[in-house]
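Inspection log for the structure reproduced underneath, given as structure tokens.
The values are calculated or read from the model by the stated rules, or taken from the named source; none is laboratory data. Quick caveat, the model's predicted, so the values are computed rather than measured. Quick reminder, even Gly has a Cβ in these numbers, built from the backbone with ideal geometry, and neighbours come from all protein chains shown. Side chains included, ligands, DNA and RNA excluded: accessible areas come from the protein's heavy atoms. Shrake-Rupley method; radii C 1.70, N 1.55, O 1.52, S 1.80 Å.
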Amino acid sequence: ITAREMLLPVPAVIGSPQPLPEAFAVLIYLPDAHQSDYNVEATMDVVRAMPGTPFLLVGGYSPVDPPPNLEILGYVRDMPAVYGRTTVFLRLSHHDGMSHSVIEALSFARYAVWSSPYTSAIHVDGVPAAIDALAALQHQHDEGALAPNAPGAAAVAERFAPETVLAAVKARLDHILS
């Protein structure tokens, strides 16, 4: 018997590209239980370093003393409405796999500032770089020069559309069974 591990593509939540909101805002997700993957401290450092920028926090995390620019939404059923209010998704992690939240944000044509490199996301290494990337996006937005992240939405649609994922799974299973 010959065995070989073969990763199957993972389906992800795919939204539809939306226009950017009139007001710039940053979306973050942090879980309620402290998980070592999420760099909660760095994420909150960015929020505190940008007091003039609104941040929306989804997930179960609730800081003890939240800064006034942080709106805590908790767990949300209507994420398209949240994406309608935000321009960019921020994800800072110590180490990461394929983030479904980044994929979802890109599918709504939002910008993603992420500590892992990925197509159509802005790769940052640390708090200062994240602040710089967000400030640059906010400046472009405020000047009316920032369009929705169409390349990000297209890249996600191409790779993670249900029919694409199903075709890849079928091809891999056909290969295994042949």
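Observations on the structure shown:
- If you run the Gaussian network model on the chain, springs between alpha carbon atoms under 10 Å, then out of His123, His141, His94 the most flexible one is His94.
- Translational D in µm²/s for the chain (Stokes-Einstein at 20 °C, 1.002 mPa s, Kirkwood Rh from C-alpha pairs): 125 µm²/s
- A crude spin-label estimate for the pair Arg85 and Asp174, with each label 7 Å from Cα along the Cβ direction, gives 4.6 nm.
- Computed about its Cα centre, the charge dipole of the chain is approximately 480 debye, with only Lys, Arg, Asp and Glu carrying charge at their Cβ.
- With the whole protein complex present, Arg159 retains an accessible surface near 130 Å², based on a 1.4 Å probe.
- Projected onto planes of every orientation and averaged, the convex hull of the alpha-carbon atoms in region 40-129 covers 5.8 nm².
- Based on C-alpha pairs under 8 angstrom that are at least 6 apart in sequence, the chain has a relative contact order of 28 percent.
- Summing Cβ point charges (Lys, Arg +1; Asp, Glu -1) relative to the Cα centre of region 16-108 gives a dipole of roughly 160 debye.
- Taken over region 106-171, the alpha-carbon convex hull comes to 77 cubic angstrom per residue.
- Charged-residue dipole, Cβ positions (Lys, Arg, Asp, Glu), region 120-178 about Cα centre, Debye nearest 20: 360 debye
- The phi-based Karplus calculation (6.51 cos²θ - 1.76 cosθ + 1.60; θ = phi - 60°) puts the 3J(HN,Hα) values of region 52-59 at x, 10, x, 10, 10, 10, 10, x Hz, whole numbers, x for Gly and Pro.
- Positive end of the dipole of the chain (Cβ unit charges, origin at the Cα centre): among Pro63, Pro148, Ile131, the Cα lying farthest that way belongs to Pro148.
- Of the beta bridges in the chain, as assigned by DSSP with both residues counted there, near 5 percent are antiparallel.
- Calculated FRET efficiency for the pair Thr119/Ala145, C-beta based, R₀ 22 Å, to 0.05: 0.50
- A simple spin-label model places pseudo-atoms 7 Å from Cα toward Cβ; at Ala167 and Arg48 they are separated by 4.9 nm.
- Under the simplified labelling scheme, the Leu73-Ala136 pair shows an inter-label distance of 2.6 nm, with each label point 7 Å from Cα along Cα→Cβ.
- List Tyr75, Tyr61, ordered by accessible area with a 1.4 Å probe, largest first: Tyr75, Tyr61
- Here the relative contact order of region 49-129, from alpha carbon pairs under 8 Å that lie six or more residues apart, stands at 20 percent.
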